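A short worksheet on the structure shown next.
The values are calculated or read from the model by the stated rules, or taken from the named source; none is laboratory data. Remember, predicted model here, so these are calculated numbers, not experimental data. Cβ placement follows ideal geometry from the backbone for every residue including glycine, while neighbour counts extend to all protein chains displayed. Keep in mind that these areas ignore ligands, DNA and RNA; they rest on the heavy atoms of the full protein, side chains included. Shrake-Rupley method; radii C 1.70, N 1.55, O 1.52, S 1.80 Å.
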Amino acid sequence: MSAQPGNYRYIGTRRRTKEDPRFVTGRGHYVADIALPGMKHVALVTSPHASARIKAIRTDKALALPGVHYALTGEELCANVDPLYVGVDAPKVARYPLARGVVRYAGEWVVAVVADSRALAEDAAERIEIDYEPTDYILDPEKAILPGAVLVHPDHGSNVLYRRTFTWGPVEADFAKAQHKLAFRARWGRSATVPIETFGIAAQWDPGTGLLDVWASIQMPKYPDQLARALRLPGNAVRVHFDVDVGGSYGVKRGIKHTVLVGYLAKKLGMPVRFIEDRLENMRGGDMHGPDRIFDMQVAFDTDGTIHSLKIRALDDVGAYAGRSPLQLGKPVGAIVGPYRITSVEYEPISVLTNKTAQEAVRGFGQSPTNYALETAIDRVARHLGMDRVELRRKNFITRDQFPYLIPSGSTYDSGDYHTVLDKALRAADFPALVAERDAARKAGRLAGVGIATCLEPSGGNSAFEPLFNPKNETTTWMDSCLVRVDISGAVTGVMNTSTSGQGHETLVATVLGEILERDPDTIRVVHADSLNALPSNSPVGSRMAIMLGGAAAGAAKKVKAALMAIAAHNLGVAQESLEYRDGSISAKGDAKKSLSWDQLVEIAHRKFHKLPPGLEPGLQAKFVWEVPTGGGLPTADGRIQMYPCYSFEAHLVLVEIDPATAQPKIRRYLCGHDCGTMINPDIVHGMTYGGIAHGIGAALYEKFAFSDNGQLASQTFMDYLMPSALEVPGIDIVDHCTPSPLTEFGQKGSGEAGYLGAPAAIASAINDALAPLGASIDELPMTPLAIWTQLQGGKTQ
Amino acid sequence: MALELKGEQALKVGQQALWKLLNDPDVLAKTIPGCNTVRALGDDRYEMGLKLQVANVSGEYMGSVAITEKQEPAHYVLAVEGQGSIGFMKGSAAFDLEPKGDNETLLRYAGSAEVGGVVAGVGQRVLSGVAKYMVGRFFKALEKHIADNP
Amino acid sequence: MKAAPFEYTRVSTLAEACELLSEHGGDAKLIAGGQSLVPMMAMRLARPAWLVDINRLEELKHVELRGDALVVGAAVRQCVIERNADAVRSLPLMNRALKWVGHVQTRNRGTVGGSVVHADPSAEIPLVACVLDATLVLQDTSGRSEVAAREFFFAPMVTAIAPEQCLAEIRFPVWDAPRVGCSFEEVSIRHGDFALVSACAQVALDADGKCVRAALGIGGASPFPHALPEIGAMLEGKVLDDMLIEDAAVAVAGLIDPDGDLHATAEYRRFLARMLAMRVLKAAAEDAAGKGAK
Amino acid sequence: MSEKLYPVSITVNGKAHAAEVPSRLTLVDFLRDTLRLTGTHVGCEHGICGACSVILDGAPVRSCLMFAVQLDGCSVTTIEGLARPDGTPSVLQDAFCEAHGLQCGYCTPGMIVASHALLESNPQPSEAEIRDAIGGNLCRCTGYQQIVDAVQLAAGNLAKGAK
């Protein structure tokens, strides 16, 4: 099978993107570039305490400064807006943009100041006086679930936001009959994607029309709806502009609390108001921290390497409030056995509140931590049995002929060829040479390790974790849509209905429309509708846009094409079956003289009603709304559900060396075999995969939101929150493979989370392989030089 | 950020005299780095104004000091709390005064402090070095006071 | 993250700068490259009422060999000293240190003097100044005074400079010997970050390969850049064989006073200091020995 | 307490701009808010991420780490000034498009400024030299690979005489 099957003209070919030219010349249009006439600026006063009662707030000194317009407290805001939407059923864990009466983490927003400039707003913020009475706090998630623990939200009665034990298949029987069992703990440290652009929002209220216009750096499903509800406005009183370029998101640009705050201020003050988080606000109170998990893993397997069953307990420290975050324990249900034939699983997700910054969605929505735990389990089984890690994986992989493959938790994997992708990767990396290089380094007295990870990227974003984790939520519709318009000049415009944060959606839509309509994608324009003009969308989450927006664009283009065929058939007097569509022109098969050009067809559609077939609408446009393939069902009573439609696969191979004198790791070689079905634009897919790997390198080795013993976020700046630069990320090789998905138009699967879903596991595997000759291992990310050194000293981490 | 401070300092002054010095608001005002006011509130509690100018970091703090567990002239515990625009500080330290020959006293201290706010979030790397330095400056000032007021 | 308001004066002479400092005392602050000061101002940790800009003072931009020293004006940019032929030839240790200083963009703006007076205990330039026993020349309205680099640094960002003083120049002693070698190494989590620990050494060998002079220092593992003349004394007059170097490295670990932070414990820093001391001494000795072979 | 304003004249992309600014206005805020040249981006405001890189008197610097008032009489080139006079991409900018050396575009102006300065001083850089030159610019999208590819492509095109 080739890297790219299918006979496509534009799809899968290397083509420049539509977006790049504006960005390379500095003509991107980000939220911070928006300057509305008379716009005011917000700065925040945040809590210095992890937990405290607010006894008094005095704003008079701040308001006395010239150019300062308002100081908003939680008392006022909370009385006038509704709580933000919470993903699980926990009504007593109310979350508002500003604290009311109580602060629950250091960095929580307490007062918002509005002034003529951001600098003045900061001057004023310094003059706000707040009396706090510090109260007890809880930081350790394991202690937080014990009886008698300090409660982050006393009204909720517990620090547990969500907890359930799922049993899928004969877990106890499998464990009883297995020849071996092992148990271990693996910990995923709190990190996030930390885009270089912080979250920003500008809002303007027009009392004449009763319309709130919003420009935001947003990647968030149902954002306009959530915003309108919290502000107690009808949905059609909010207009979100999706044509704002978003400077990176990868899940975290949710910003509901920011928007409710700024929307309220804009409406209340009757002035355009803008809030662009500064980096400190972003790091401590932007509520964009990612999963922070302790996995307690048990594996049951036989001497020949057959893995039968898993018990997974995942304790996730979500911080002080619930947003979408508890649901990040839900997505992994859809790929809970990874690429392996494991017949039964017990899964106990526990979502725990602590006095820390709240968690939000991060690239992969909880899948990458789970993959890290799964792959660590595979490596441990191999080590336990003295078996080759590659062989063990090959032995347990689902085979090509077993698809579609139903896993114990109720999801069916669409397609895959894991053996071939791994083999291609091993060949491309010259795996024996890689191992020889490792061994030579070891012989020379250095520490070196080879890492392997073979992981899945569930894609297509159907958000079925919502009904799974919240029985009151019966949402089963996760559509996306596209409108295609051929104007009177014959030019094609695609309308998409959400914002973009670097994924190249304009290129995606243009390529798909061009492919089906056989028009040059470079001539096709793609625009982002605002929320009042938009068709329904669920935004680019869950690696869904190639599948969902791509599918919607294809569907709309096909409708346009069908209209053209109908016009041609009517005017040429030839049955549609006897017509041939080529490059937008339509002619009778075998009779080139009977032909209508694109321009002629368009002209008929727009101007010549008398030539239109009866019943066809004049003009030439079509919309298509597509539901997630396989979407639509509610979970079974035991929590089985089809989570995502398509499953991409990645096989990572890494060579890492550790300097024994300094404990510094260095990645010597990185290769990733990748199968996301048909690639619409290979450069975009490769770019996201490289970026995902770099992000994974950060999570594995460098990045951590570390809290001190008194609940202070100690890594608030880029001096302490360490994202890898070009000097830490090595050159990366990607080997493509294509197993098309049977569920999508072109066989495409998702790739927006590619690389990140396997890189942390692969690097952890390599580090632990390097430490193995010493009998040491690390089961916590990030694997910092300090953690490695501690192992080299024969100690335990922590 | 939690800071741990521990150490000992020999001072050329008798135990009883040192006890007096350490409980004298005027002496504390002169010896605590950056301290510009100390006002007794009674019950061994004081209100203190601090203007810190350590290196490039400057900030004004208002705080309170309380002395507890007094065992004159050998032991007491000092609790300090302060709040300013760049954060807060809260800590306590136990002091033990041990006579050491004639007219010399060994002062042992062991304490910890919590720091919060901007300083804690951005300055974790240097806080403990700066704190040690401040303790050193306090002792230098105390030694000077002792030398100047025999 | 916007600085608190301040008054600004760009001075045209050093004397003018000193007058302003004298007038405003601790409320005024000099700005040269600003690479350390401006972030602190943005976070409002530093809030000078008056900013005195010395960026354009040509009298602080000299780099010249004077006697047995390379004299570097305080406002010489790091990228300038990095490429200056005299500096590269006579002060190779500085050149090696600069490879570890920040990134291209910060070295283009940051100054040698700015790094010294900012006094980060992990910073490379202050460490070089201490190891080479440089002399800092300070100026105020009453004239110039000198202070040894080794007595200048007290604690993180705390130095002997008075609020009314300006660092005018730094005199780095040049070792006038045929076989001088040096090395600078550091461990930071990412390149360009603050060093967890850094180490540098300079040694001079005689014709027989015996060490006639040695200097070593450790950064990031004490509250100030830590020159360790004790180690020099231990090495001088001896052949720098592996055993001696290992002994010296063990001695280094006993002399420093590291603190722990988010990224490294005191114990790890002590270990790194020992390892890096060993590395730089070996590398410096090899560097020096190589010069004899020519 | 209205803020004191300081007159400055700064040449940006070859054009002199006179303005009155508060002393605390950083260069990046001056470019973005006063001149409305929004191609230069704010990422961290503490000198780490490199998104605000501009060329000052020929050398790349971080524009968040200097105040506009300091630059009276200086000459600054921003991303907008690197394009051809008609606004179309330069050889380097074109190479970023060809190699898709970007995704969200936010770090991109800083990356291009750093790479431009590199190629000015070192027209045929090695991969290591490219990585060193952009080592002070953080990117969260690309993993740097296609950025390195783009700079190498540009160097090759420039060597072949592309203008």
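How many residues does region C:13-39 hold that are more than 13 Å from C:Lys2 (Cβ to Cβ), open to solvent by less than 40 Å² (accessible area, probe 1.4 Å) and without any contact (Cβ under 8 Å) to a residue 60 or more places away in the chain?
Of the residues in that region, 2 qualify.
Quick check on my filter: what residues within region A:418-434 are open to solvent by 10 Å² or more (accessible area, probe 1.4 Å) and under 16 Å from A:Ala335 (Cα atoms)? Before the answer, list the steps.
Start the filter on region A:418-434 by keeping residues that are open to solvent by 10 Å² or more (accessible area, probe 1.4 Å), which leaves A:419-420, A:423-424, A:426-428, A:430-433.
Residues satisfying the conditions do not exist here.
Just checking, does region A:475-492 include any residue being surrounded by fewer than 23 Cβ atoms within 10 Å (Cβ to Cβ), within 23 Å of the chain's Cα centre (by Cα) and part of a helix (DSSP H, G or I)?
no
A quick yes/no check of all residues on (1) more than 14 Å from chain C (Cβ to nearest Cβ); (2) out of contact with any Phe, Trp or Tyr (no Cβ under 6 Å at 6 or more places or on another chain):
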residue	(1), (2)
D:Gly105	yes, no
D:Ala114	no, yes
D:Gln124	yes, yes
D:Asp149	yes, yes
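Can you tell me which residues in region A:32-69 are in a loop (DSSP other than H, G, I, E, B), more than 30 Å from B:Val115 (Cα to Cα), under 30 Å from the mean Cα position of the chain (by Cα) and touching a residue at least 40 places away in the same chain (Cβ under 8 Å)?
A:Ile34
Does at least one position in region C:120-128 carry a residue that is open to solvent by 30 Å² or more (accessible area, probe 1.4 Å) and either among the polar types (S, T, N, Q) or within 16 Å of C:Phe224 (Cα to Cα) (or both)? Give the derivation first.
So in region C:120-128, the residues open to solvent by 30 Å² or more (accessible area, probe 1.4 Å) come out as none.
No, that holds for no residue.
Would you confirm, using the coordinates I've provided, whether A:Gly711 is touching a residue at least 60 places away in the same chain (Cβ under 8 Å), touching a Phe, Trp or Tyr at 6+ places or on another chain (Cβ under 6 Å) and part of a helix (DSSP H, G or I)? Working first, answer last.
Numbers: touching a residue at least 60 places away in the same chain (Cβ under 8 Å): yes; touching a Phe, Trp or Tyr at 6+ places or on another chain (Cβ under 6 Å): yes; part of a helix (DSSP H, G or I): no.
When the stated conditions are applied, A:Gly711 does not pass them.
Which strands (runs of 3 or more DSSP E) sit wholly inside region B:64-150 and have at least 2 residues that are hydroxyl-bearing (Ser, Thr, Tyr) and surrounded by fewer than 20 Cβ atoms within 10 Å (Cβ to Cβ)?
Values: elements: B:75-84, B:87-99, B:105-116.
Result: B:105-116.
Having 2 or more residues that are of a type outside the set (Gly, Ala, Ser) and over 18 Å from the mean Cα position of the chain (by Cα) is the bar; report the strands (runs of 3 or more DSSP E) wholly within region D:1-87 that clear it. Spell out the reasoning first.
Working: elements: D:5-12, D:15-22, D:53-56, D:59-62, D:75-77.
So the answer is D:5-12, D:15-22.
C:Arg144 versus (1) modelled with pLDDT of 95 or more; (2) within 30 Å of D:Gly135 (Cβ to Cβ): which is the lone unmet condition?
C:Arg144 satisfies all of (1) modelled with pLDDT of 95 or more; (2) within 30 Å of D:Gly135 (Cβ to Cβ) except (2).
Filter region A:60-73 down to residues that are open to solvent by less than 30 Å² (accessible area, probe 1.4 Å) and over 18 Å from A:Val103 (Cα atoms), then give me how many there are.
Going through region A:60-73 one residue at a time, the tally reaches 4.
Look through region A:661-684, keep the residues that are assigned to a helix (DSSP H, G or I) and in contact with a helix residue (DSSP H, G or I) (Cβ under 8 Å, 6 or more places away or on another chain), and return whichever of them is surrounded by the fewest Cβ atoms within 10 Å (Cβ to Cβ). Explain how you work it out, then say what you get.
Narrowing region A:661-684 to residues assigned to a helix (DSSP H, G or I): A:682-684.
With the extra rule that they be in contact with a helix residue (DSSP H, G or I) (Cβ under 8 Å, 6 or more places away or on another chain), the set shrinks to A:683-684.
Numbers: A:Asp683: 21, A:Ile684: 25.
Among those residues, the one meeting the criterion is A:Asp683.
So, of the residues in region C:203-219 that are farther than 17 Å from C:Asp247 by Cα and open to solvent by less than 10 Å² (accessible area, probe 1.4 Å), which turns out to be nearest to the other protein chains (Cβ to nearest Cβ)?
Going through the qualifying residues, I end up with C:Gly219.
Answer yes or no: is there a residue in region A:82-99 that is touching a Pro at 6+ places or on another chain (Cβ under 7 Å), more than 14 Å from every other protein chain (Cβ to nearest Cβ) and open to solvent by 30 Å² or more (accessible area, probe 1.4 Å). Write out each step before concluding.
At the first step, the residues of region A:82-99 found to be touching a Pro at 6+ places or on another chain (Cβ under 7 Å) are A:87-88, A:94-96.
So of that shortlist, the ones also more than 14 Å from every other protein chain (Cβ to nearest Cβ) come out as A:87-88, A:94-96.
Pick out the ones that are also open to solvent by 30 Å² or more (accessible area, probe 1.4 Å) and you get A:94, A:96.
Within region A:82-99, one or more residues are touching a Pro at 6+ places or on another chain (Cβ under 7 Å), more than 14 Å from every other protein chain (Cβ to nearest Cβ) and open to solvent by 30 Å² or more (accessible area, probe 1.4 Å).
Output the strands (runs of 3 or more DSSP E) that fall wholly within region C:10-69 and possess 1 or more residues being within 23 Å of D:Arg24 (Cβ to Cβ) and either within 14 Å of chain D (Cβ to nearest Cβ) or in contact with a Phe, Trp or Tyr (Cβ under 6 Å, 6 or more places away or on another chain) (or both), or say none. I'd like the intermediate steps shown before the answer.
On the way: elements: C:28-31, C:50-53, C:63-66.
It comes to C:28-31, C:50-53.
For region C:164-172, check the following and say yes or no: at least one residue is free of Cβ contacts under 8 Å to residues at least 24 places away in the same chain and either under 17 Å from the mean Cα position of the chain (by Cα) or surrounded by 24 or more Cβ atoms within 10 Å (Cβ to Cβ) (or both). Walk me through how you get there before you give the answer.
Residues of region C:164-172 that are free of Cβ contacts under 8 Å to residues at least 24 places away in the same chain, as a first pass: none.
No.
Please determine whether any residue of region A:768-780 is buried (at least 24 other Cβ atoms within 10 Å of the Cβ) and either part of a loop (DSSP other than H, G, I, E, B) or polar (S, T, N, Q) (or both).
So far as region A:768-780 goes, no, none of its residues is buried (at least 24 other Cβ atoms within 10 Å of the Cβ) and either part of a loop (DSSP other than H, G, I, E, B) or polar (S, T, N, Q) (or both).
Need pairs with beta-carbon distance below 6 Å; first residue closer than 21 Å to C:Pro223 by Cβ and within 7 Å of another protein chain (Cβ to nearest Cβ) and within region B:100-128, second open to solvent by 40 Å² or more (accessible area, probe 1.4 Å) and outside any loop (DSSP other than H, G, I, E, B); sequence gap 6+ or separate chains.
Between residues of region B:100-128 that are closer than 21 Å to C:Pro223 by Cβ and within 7 Å of another protein chain (Cβ to nearest Cβ) and residues that are open to solvent by 40 Å² or more (accessible area, probe 1.4 Å) and outside any loop (DSSP other than H, G, I, E, B), the close pairs are B:Glu114/B:Ala2; B:Glu114/B:Lys90.
Give the number of residues within region A:275-305 that are under 13 Å from A:His258 (Cβ atoms), among the aliphatic types (A, V, I, L, M) and at pLDDT 95 or above. Write out each step before concluding.
Here is the first cut: in region A:275-305, the residues under 13 Å from A:His258 (Cβ atoms) are A:275-278, A:281-282, A:285-288.
Still in the list and also among the aliphatic types (A, V, I, L, M): A:276, A:288.
Retained after the next criterion (residues that are at pLDDT 95 or above): A:276.
Matching residues across region A:275-305 total 1.
Within region A:391-407, can you find the residues that are open to solvent by less than 10 Å² (accessible area, probe 1.4 Å) and in a helix (DSSP H, G or I)?
Our first condition is that a residue be open to solvent by less than 10 Å² (accessible area, probe 1.4 Å); within region A:391-407, this holds for A:392-393, A:396-398, A:407.
The answer is A:Leu392, A:Arg393, A:Asn396.
Among the listed residues D:Asp132, D:Asp57, identify the single one that is under 30 Å from C:Arg56 (Cα atoms) and either at pLDDT below 95 or in contact with an Asp or Glu (Cβ under 6 Å, 6 or more places away or on another chain) (or both).
Working: D:Asp132 fails: either at pLDDT below 95 or in contact with an Asp or Glu (Cβ under 6 Å, 6 or more places away or on another chain) (or both).
On inspection, the qualifying residue turns out to be D:Asp57.
In region D:56-67, is there at least one residue being more than 17 Å from C:Asn108 (Cβ to Cβ) and either within 7 Å of another protein chain (Cβ to nearest Cβ) or in contact (Cβ under 8 Å) with a residue 40 or more places away in the chain (or both)?
First, pick out the residues of region D:56-67 that are more than 17 Å from C:Asn108 (Cβ to Cβ): none.
No, region D:56-67 contains no residue that is more than 17 Å from C:Asn108 (Cβ to Cβ) and either within 7 Å of another protein chain (Cβ to nearest Cβ) or in contact (Cβ under 8 Å) with a residue 40 or more places away in the chain (or both).
Assuming D:Gly110 fulfils every condition listed in (1) of a type outside the set (Phe, Trp, Tyr); (2) within 13 Å of chain C (Cβ to nearest Cβ); (3) surrounded by fewer than 24 Cβ atoms within 10 Å (Cβ to Cβ) apart from one, which condition is it?
(3)
Would it be correct to say that A:Leu743 is part of a loop (DSSP other than H, G, I, E, B) and out of contact with any His (no Cβ under 9 Å at 6 or more places or on another chain)? Before you say what the answer is, go through the steps one by one.
Details: part of a loop (DSSP other than H, G, I, E, B): yes; out of contact with any His (no Cβ under 9 Å at 6 or more places or on another chain): yes.
Here the answer is yes, as A:Leu743 does meet what is asked.
Yes or no: A:Ser499 out of contact with any helix residue (DSSP H, G or I) (no Cβ under 7 Å at 6 or more places or on another chain), at pLDDT 95 or above and open to solvent by less than 10 Å² (accessible area, probe 1.4 Å)?
Judged against the criteria, A:Ser499 is a match.
Could you grab the pairs with beta carbons closer than 7 Å, sequence gap of 6+ or different chains, first residue in region A:337-365 and within 17 Å of A:Asn282 (Cβ to Cβ), second one among the basic types (Lys, Arg)?
Going by the 7 Å Cβ cut-off, the qualifying pairs are A:Thr357/A:Arg284; A:Glu360/A:Arg254; A:Glu360/A:Arg324; A:Ala361/A:Arg254; A:Ala361/A:Arg324.
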